[in-house]
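Written out below as structure tokens is the structure these notes cover.
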Amino acid sequence: MKSTPGARVASEPSGDRVFATVGPELLDAIREAGPRRVVLEVPAGLVRDAHSLAAKLREGTGVAVDVAARPCFGACDPPQRDEAPRADLAIVLGHSPIPNVPTDRRTFFVEMRSPVGDPDTLAQRVRAADLPSRLGLVFSIQHMDLLAPLSTALERRGFTVRVGRGDRRLAYAGQALGCNYTGAEELAAEVDAYLFVGTGRFHPLGLAFAVEKPVWSLDPARGELESPIDRGALVRRRQLLVASTRDARSWGILVSTFRGQNRSPTALALQARARARGLEAEILLASRLDPADLLGRNLDAYVNTACPRIALDDSSNYPKPVLTPPEFLMAIGELPLEPYRFDTYH
């Protein structure tokens, strides 16, 4: 197994820390930090439990806890100062830190690690499905604890397992972020297929856009293995969308003000390239992008420099085509349609 286990980040001078679950260690750390007020942010999948978790933190520490109303999509969009001005500690559930994204206040990341899934049973399920023998493994943060035991179990069944380190945006070897699959991409010459370990379709879809080899999905909670995503169909839909914008003369360049999603230099560079070709290009700023905010604008199309999954997953919700930066370069003729390039955050 090729792997570099462990985190790229630990405790930082700012006081940021990482915890596995909402447990005694987290409660002790909150009491030790002595905040006046905490803001708790949870992903959409934990909204139902947000208030009981806030109560648990209040009761366990005696500290006032506010709940951020908007769900977070990653460590790229923790609560901003104007969203929780009275809080001097943020607790972000369900996500690991992004090493190259600084926080603007002390932040505790609670990864919500899950113990579900027997490695031997899961490996046997993979063996029975006759997957290619050279596999690249990719994990959601909740199931990263399976990396070592599942790799061993797969190797005992004849698989050659590879786990990539990835770039500076990834805290762990083998980790998947919705905007970054560089750990998987660096294994392209060493594997014949990828196995994503986690729940849902969000990460397998992103991984399928980022790599050209088949992506199987293994749900450790249910023990179910899903067949590869049809990458060709995904890419063709995006290429058709790109082709539909070839005659666009006016572009809106979308920029997020979230610290971990702000790519203003990229937006400015794209604006310059558009104007050099005689196209109109205006930069539009927002914290969270909302399709309703683009209604009625006299623009032909948009290029999104915020989270790349907005363009890939939510494009149908927008009134005009929304492209990623690589797709925009395809649309104006600076890149070919093939090979398709995923919009990776670095």
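The values are calculated or read from the model by the stated rules, or taken from the named source; none is laboratory data. Just so it is clear, the structure is predicted and the values come from calculations on it, not from any experiment. Cβ placement follows ideal geometry from the backbone for every residue including glycine, while neighbour counts extend to all protein chains displayed.
Could you run through region 79-95 and say how many residues are part of a loop (DSSP other than H, G, I, E, B), over 21 Å from residue 313 (Cβ atoms) and either among the basic types (Lys, Arg) or touching a strand residue (DSSP E or B) at 6+ places or on another chain (Cβ under 8 Å) (or both)?
From region 79-95, those part of a loop (DSSP other than H, G, I, E, B) are 79-88, 94-95; that's our starting set.
From the residues that got through so far, the ones that are over 21 Å from residue 313 (Cβ atoms) too are 79-88.
Then keep just the ones that are either among the basic types (Lys, Arg) or touching a strand residue (DSSP E or B) at 6+ places or on another chain (Cβ under 8 Å) (or both); that gives 79, 81, 83-84, 86-88.
Residues meeting the conditions: 7.
Please enumerate the residues belonging to region 155-180 that are surrounded by fewer than 21 Cβ atoms within 10 Å (Cβ to Cβ), part of a loop (DSSP other than H, G, I, E, B) and not charged (D, E, K, R).
Within region 155-180, 158, 178 qualify.
With respect to residue 36, determine if the residue is exposed (fewer than 14 other Cβ atoms within 10 Å of the Cβ) and either among the hydrophobic types (A, V, I, L, M, F, W, C) or modelled with pLDDT under 95 (or both).
No; evaluated as a whole, the condition is false for this residue.
Taking the conditions exactly as written (under 22 Å from residue 43 (Cβ atoms) and part of a helix (DSSP H, G or I)), does residue 120 satisfy them or not?
So residue 120 does not fit the description; no.
Could you tell me whether any residue of region 220-227 is crowded, with 18+ Cβ neighbours inside 10 Å, touching a residue at least 60 places away in the same chain (Cβ under 8 Å), under 21 Å from the mean Cα position of the chain (by Cα) and at negative phi?
Checking region 220-227: at least one residue is crowded, with 18+ Cβ neighbours inside 10 Å, touching a residue at least 60 places away in the same chain (Cβ under 8 Å), under 21 Å from the mean Cα position of the chain (by Cα) and at negative phi.
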